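Derivation of every value follows stated rules applied to the coordinates shown; laboratory data play no part. Just so you know, these numbers come straight off a predicted model, no measurement behind them. Every residue, glycine among them, receives a Cβ derived from its backbone with ideal geometry; neighbour counts consider all protein chains shown.
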Amino acid sequence: MKVIEHYDKASEPLISFEIIPPKRGGSVSEVFESLDKIVKYNPPFIDVTYHAAESYFEELPDGTIKRHIKRKRPGTIGLCAAMKHKYGVDPVPHLICEGFTKEETEDALIELNYLGIDNVLAIRGDAPDDNVPRYKNGTYNEYAIDLVSQIQDMNDGKYLEDIVNAHETNFCVGVAGYPEKHFEAPNLDRDIARLKEKVDAGGDYIVTQMFFDNDAYFRFVDKCREAGIEVPIVPGLKVLTRERHLNFLPKFFHLNIPKALSEEVIADPDNAQNIGIEWSTQQCIELLEGGAPGIHFYVMGDPTPALDVIDKLPLGATVKKK
Ligand code: FAD
């Protein structure tokens, strides 16, 4: 079922999750261990991230340096198919512009369509370091809006080459939004104007970047509505569990950690996980009371902190543990 149908039909807030595929050489059973815990909470859908290739250097025994270019976390489509088959939950594979030609993207969409996967989150990705060769052959999508347009073209039966009587796909398309502004955008208003273009091109719903200050989310939603964006805007949350998150999360995700939270963690670093769970629980309560359509948890490795938060929320029967 499409994500947007889940939201349309929901009689209470939806709790969803995002996981990452294992590192190359890892085992799918690592992910199934997490999913075994997550599915007890009846998630309507689970996202699986996609990862562009990265370059890394290996020093060989003779002292020379060898450059490798690899996707560290392949397997998004296979994992989504396995999840759908094993758990009956709707998977939402992320597709990214970065590192994929339009031709490769079309092939991936054909595979997803054959697998009966109804949803895609269309994301730009971030530019790799200069060592990764980009787009040797073929054309490419530069911004997420270009990827959304490619998916909508296929939904209209338009493939990259003219094909007579081509089958129309029927993907629901999610896009990303940034309550604290995307780091490249000159200001929030300009970023929201770009987001509106992305939604108008076919984005059915928005999932936000993680944030720790609910005011940023509510301000963002108000501004989106003023700009004419009407689709659901789902808050994405991560539970802070370690003191080093105070530096790591702002650096990698371009967000602010409120002073009250950082001071509490610095004063009692061994208790960071409990502080993070309590903070996130209060965030969820306020977000849901403020009308958020659900909460999307960035689980990354271990889902336990997010599940601890959910256990503390006054949610209805559909989210309660099976
Ligand atoms: P875009 O919507 O393309 O926006 C990027 C920037 O360009 C913004 O500043 C925007 O204002 C600007 N812009 C947009 N359109 C135009 C235009 N036409 N001309 C000029 N400027 C424009 N990364 C991964 O690698 N894999 C993942 O699976 C993944 N999942 C994510 C899921 C979510 C919910 C979020 C919030 C992020 C995710 N990311 C992922 C990170 C994402 O790739 C980065 O945040 C990236 O920098 C931006 O992606 P985007 O889709 O928002 O880009």
Query raised in the report: Once you put a point 7 Å from the Cα of His182 and another 7 Å from the Cα of Asp153, both along the Cβ direction, what distance in nm separates them?
Result: 1.9
Report task. Express in nm, to one decimal, how much length is gained between Leu60 and Leu160 on full extension, taking 0.36 nm for each residue of separation and deducting their alpha carbon distance. Result -> 31.7 nm
Requested in this report: Per DSSP H run of n ≥ 4, the term is -39500 (n - 2.57); total these for the chain, divide by its residue number, and report the mean residue ellipticity at 222 nm rounded to 500 deg cm²/dmol.
Outcome: -12000 deg cm²/dmol
Report summary line: When Met154, Met210, Met83, Met1 are arranged by how many other beta-carbons sit within 10 Å of their Cβ, fewest first, they go Met1, Met210, Met154, Met83
Query - Dipole magnitude of the stretch 3-312, debye to nearest 20 (Cβ charges: Lys/Arg +1, Asp/Glu -1, about Cα centre) - result: 540
Query raised in the report: Label points 7 Å out from Cα along the Cβ direction at Thr304 and Glu289: separation in nm?
Result: 3.0
Query - Among Ile96, Ile192, Ile69: highest mean-square fluctuation, GNM of the chain, C-alpha pairs under 10 Å - result: Ile69
Query raised in the report: Check Val299: other-chain or 5+ apart residues with amide H under 5 Å from its amide H, H built from backbone geometry?
Result: Glu18
Query raised in the report: What's the FRET efficiency of Asn256 with Lys86 using the Cβ-Cβ distance as r and R₀ = 41 Å, to the nearest 0.05?
Result: 0.60
Report task. Would you mind checking Lys9/Lys37; Lys2/Lys72; Lys84/Lys158; Lys84/Lys198; Lys40/Lys72; Lys238/Lys312 for any pair whose Cα atoms are more than 18 angstrom apart? Result -> Lys9/Lys37; Lys2/Lys72; Lys84/Lys158; Lys84/Lys198; Lys40/Lys72
Query raised in the report: Given springs between every Cα pair under 10 Å in a Gaussian network model of the chain, which of Ala292, Ala108, Ala81 has the largest fluctuation?
Result: Ala108
Report summary line: Convex hull around the C-alpha positions of the stretch 107-258: the volume in Å³ per residue is 148
Query raised in the report: Top mean-square fluctuation among His296, His85, His51, Gaussian network model of the chain, C-alpha springs under 10 Å?
Result: His85
**Report entry** Vicinal HN-Hα couplings computed from phi for the stretch 183-200 (Karplus, 6.51 cos²θ - 1.76 cosθ + 1.60; Hz; Gly/Pro x)
**Finding:** 4, 8, 6, x, 7, 5, 4, 5, 4, 5, 4, 5, 4, 4, 4, 5, 5, 5
Query raised in the report: So what is the diffusion coefficient of the chain in µm² per second by Stokes-Einstein at 10 °C and 1.306 mPa s, using a Kirkwood Rh over Cα pairs?
Result: 77
Report summary line: Between Lys40 and Ile69, the FRET efficiency computed from the C-beta separation at R0 = 45 Å comes out, to the nearest 0.05, as 0.70
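Please arrange His167, His94 by how many other C-beta atoms lie within 10 Å of their C-beta, fewest to most.
His167, His94
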Query - Residue (of Cys284, Pro186, Gly157) at the positive-pole extreme of the chain, dipole from beta-carbon charges - result: Cys284
